[in-house]
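Asks: Sharing a structure, written as structure tokens. Questions coming.
The values are calculated or read from the model by the stated rules, or taken from the named source; none is laboratory data. If you're wondering where the values come from, they're calculated on a predicted model, not measured in any experiment. Using ideal geometry, Cβ is built from the backbone for each residue, glycine included, and neighbour counts are taken over all protein chains shown. We work out accessible area using only protein heavy atoms, side chains counted, and drop any ligands, DNA or RNA first. Shrake-Rupley method; radii C 1.70, N 1.55, O 1.52, S 1.80 Å.
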Amino acid sequence: QVQLVESGGGLVQPGGSLTLSCAASGSFSEIDVMGWYRQAPGNQRELVATMTRGGSIRYADSVLGRFTISRDNTKHTVNLQMNSLKPEDTAIFYCKAAVGLRGYWGQGTQVTVSS
């Protein structure tokens with residue numbers, strides 16, 4: 001079992017920045033992939049950014065150049081630095097961890113971009 005706790009969401013003006021953090025705990029030796037997904041009202045949950053234990057990164061096209069994912073394999077944490085935020089980035093952001101074939105989700109943190 002893996003428990004994920006997210007933090008760092010909130011309200012920010014367009015053009016602003018936020019950093020999301022996620023910490024994993026539980027019974028595991030290594031986490032293969034950690035990342036962030038988001039779900040806006042009325043939309044499906046979508047990938048934002050993921051990072052493998054070896055450092056391979058994948059970003060959604062919509063966040064390229066604005067968001068940066070990073071992780072600490074020893075602390076089992078993953079962060080998402082979000083810059084140049086837009087109103088369309090408003091969503092609940094979820095942390096996800098993959099251990100083998102199993103995926104685990106955090107409870108989500110709200111990000112609202114509005115003036």
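Asks: Any idea which of (1) without any contact (Cβ under 8 Å) to a residue 60 or more places away in the chain; (2) under 19 Å from Val2 (Cα atoms) is the one Ala40 doesn't satisfy?
Replies: (2)
Let's see how each residue does on (1) part of a strand (DSSP E or B); (2) farther than 14 Å from Leu20 by Cα:
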position: Gly54; (1), (2): no, yes
position: Ser70; (1), (2): yes, no
position: Lys75; (1), (2): no, yes
position: Tyr94; (1), (2): yes, no
position: Ala98; (1), (2): yes, yes
position: Val111; (1), (2): yes, no
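Asks: I've got another one for you. Output yes when any residue across the range 21-32 is among the hydrophobic types (A, V, I, L, M, F, W, C), within 19 Å of Ser114 (Cβ to Cβ), assigned to a strand (DSSP E or B) and out of contact with any helix residue (DSSP H, G or I) (no Cβ under 8 Å at 6 or more places or on another chain), and no when none is.
Replies: Looking through the range 21-32, none of the residues is among the hydrophobic types (A, V, I, L, M, F, W, C), within 19 Å of Ser114 (Cβ to Cβ), assigned to a strand (DSSP E or B) and out of contact with any helix residue (DSSP H, G or I) (no Cβ under 8 Å at 6 or more places or on another chain).
Asks: Can you confirm whether the range 42-50 contains a residue that is in contact with a Lys or Arg (Cβ under 8 Å, 6 or more places away or on another chain) and in a loop (DSSP other than H, G, I, E, B)?
Replies: There is at least one residue in the range 42-50 that is in contact with a Lys or Arg (Cβ under 8 Å, 6 or more places away or on another chain) and in a loop (DSSP other than H, G, I, E, B).
Asks: Scan the range 58-86 for residues that are modelled with pLDDT of 95 or more, among the polar types (S, T, N, Q) and under 18 Å from Gln3 (Cα atoms) and report the count.
Replies: Adding up the residues that qualify gives 2.
Asks: With the structure loaded, tell me whether Gln81 is polar (S, T, N, Q), open to solvent by 40 Å² or more (accessible area, probe 1.4 Å) and assigned to a loop (DSSP other than H, G, I, E, B) or whether it fails that test.
Replies: no
Asks: Quick check on the range 19-37: of everything there that is crowded, with 21+ Cβ neighbours inside 10 Å and at pLDDT 95 or above, which residue is nearest to Gln81 (Cα to Cα)?
Replies: Leu20
Asks: Still on this structure: Is it the case that Val113 is out of contact with any Asp or Glu (no Cβ under 6 Å at 6 or more places or on another chain), modelled with pLDDT of 95 or more and among the β-branched types (Val, Ile, Thr)?
Replies: In short, no.
Asks: Starting from the range 75-87, take each residue that is within 20 Å of Trp105 (Cα to Cα) and list its partners that are part of a loop (DSSP other than H, G, I, E, B) and among the aliphatic types (A, V, I, L, M), counting only C-beta distances under 9 angstrom and pairs at least six apart or across chains.
Replies: Between residues of the range 75-87 that are within 20 Å of Trp105 (Cα to Cα) and residues that are part of a loop (DSSP other than H, G, I, E, B) and among the aliphatic types (A, V, I, L, M), the close pairs are His76/Ile31; Val78/Ile31.
Asks: Continuing with the same structure: For Asp89, which of the numbered conditions (1) open to solvent by less than 50 Å² (accessible area, probe 1.4 Å); (2) charged (D, E, K, R); (3) at pLDDT below 95 fails to hold?
Replies: Every listed condition holds for Asp89 apart from (3).
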